[in-house]
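Since the structure comes first, as structure tokens, the remarks are kept for the end.
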Amino acid sequence: MRIRIRASLRRSPTKGTAMSHAVRSKDGTRIAFDVWGEGEPLIMVHGATAHRGTDRLNAGVGALLGQDRFRVYAYDRRGRGESTDTAPYAVEREIEDIEALIDHAGGPAIVCGVSSGAVLTLDAAAAGLSISRVALFEPPFVVDDGRPPRSADYVRRLDDAVAAGRRGEAAEMFLTEAAGLPPEAVAGVRASPFWPGLLEVAHTIAYDGRIMGTTMSGAPLPTDRWSAVKMPVLVTYGNGTAPWLQAAAKALADLLPTATLQEVDGGQHDVAPEVLAPVLRQFAALTTHDRL
């Protein structure tokens with residue numbers, strides 16, 4: 001899988017004005033977020049390593065839809081950006097972070113997850129949070145032989161590297177084993193403006209490894225993990241993205257009875273806010289029984 005390295009540190013695009021806030025999660029962790037608009041709550045969930053200071057997608061969606069009928073939340077997941085962290089880590093704590101945002105918004109909320117954030121979003125929906133609809137962009141499952149599977153000891157090796165102070169080693173593992181970057185491309189990432197920011201959040205890479213669980217093993221998706229998800233689900237993928245990511249999106253849409261699959265304009269595991277925002281607007285406007 002090829003990924004686009006973003007060096008920009010813009011907090012938001014030119015259109016729209018964000019208001020910065022923070023909430024306390026159940027375990028006391030401070031979750032920082034920006035919010036746009038005053039309408040229906042829409043919570044955007046980043047994938048691995050991304051946060052408000054390094055990624056334009058969630059802020060861009062907020063700036064576009066916050067002028068419409070939505071109240072859009074873009075937040076820093078725990079351990080990243082301006083959010084704090086509390087040990088020990090558990091996926092349940094990240095679900096509680098989303099719950100704290102929904103409570104602040106006055107729920108129920110639409111929740112949109114990107115990459116591994118899509119998998120966290122599904123877990124939050126299955127946990128029974130006050131979520132009205134789920135929108136997902138390219139959950140990075142490995143469900144066939146389209147790319148090498150992630151190694152079974154990936155999370156343990158990440159933990160060991162971070163505990164020993166070898167953050168660069170953990171970052172390289174993420175780039176090659178999770179993102180699928182060829183080893184010879186890592187030197188270019190190390191030399192890019194993106195690298196210091198990646199080292200800063202390297203301790204959180206194992207968080208997303210735990211969220212993904214066994215879903216990058218090349219085996220079919222588990223049939224029971226999201227069986228409690230009954231609300232409408234939109235699964236999207238870019239028309240120029242890697243075939244294995246397209247296969248992942250299709251496998252998930254086939255698994256979930258309430259899911260709709262939609263191809264959008266995007267590639268390299270990337271989508272522009274100007275593309276995703278109208279898709280989310282249309283999805284929110286559908287009745288429960290409508291299909292895109």
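Tabulated data
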| item | result |
| --- | --- |
| Any chance G238 is in the same structural domain as A59 (by TED's automatic domain parsing), among the small types (G, A, S) and modelled with pLDDT of 95 or more | yes |
| Residues of the stretch 71-97 classified as in contact (Cβ under 8 Å) with a residue 40 or more places away in the chain, buried (at least 20 other Cβ atoms within 10 Å of the Cβ) and aliphatic (A, V, I, L, M), total | 1 |
| Where A50 falls short, out of the listed (1) at pLDDT below 95; (2) closer than 22 Å to A125 by Cβ; (3) among the aliphatic types (A, V, I, L, M) | (1) |
| Answer from E200, E184 - the residue that is outside the structural domain of V91 (by TED's automatic domain parsing) and either touching a Lys or Arg at 6+ places or on another chain (Cβ under 9 Å) or touching a residue at least 24 places away in the same chain (Cβ under 8 Å) (or both) | E200 |
| Of residues in the stretch 56-112 being aromatic (F, W, Y) and within 14 Å of the chain's Cα centre (by Cα), the one nearest to L286 (Cα to Cα) | Y73 |
| Index of the failed condition, T215 passing every other in (1) assigned to a helix (DSSP H, G or I); (2) of a type outside the set (D, E, K, R); (3) farther than 21 Å from G267 by Cβ | (1) |
| Cross-chain or 6+ apart pairs with Cβ under 7 Å, the stretch 31-46 first and at positive phi, then not in a loop (DSSP other than H, G, I, E, B) | G37/L65; G37/F70; G37/R71; G37/V72 |
| Residues that are of a type outside the set (G, A, S) and surrounded by 23 or more Cβ atoms within 10 Å (Cβ to Cβ), drawn from the stretch 42-53 | L42, I43, M44, V45, H46, T49, R52 |
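One line per residue, one yes/no per condition, for (1) of a type in the set (G, A, S); (2) assigned by TED's automatic domain parsing to the domain that holds R77:
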site	(1), (2)
A161	yes, no
A170	yes, no
T176	no, no
P243	no, yes
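The values are calculated or read from the model by the stated rules, or taken from the named source; none is laboratory data. In this text, all values refer to a predicted model and were calculated from it rather than measured experimentally. Heads up, the Cβs are rebuilt from the backbone with ideal geometry, glycines too, and the neighbour counts pull from every protein chain shown.
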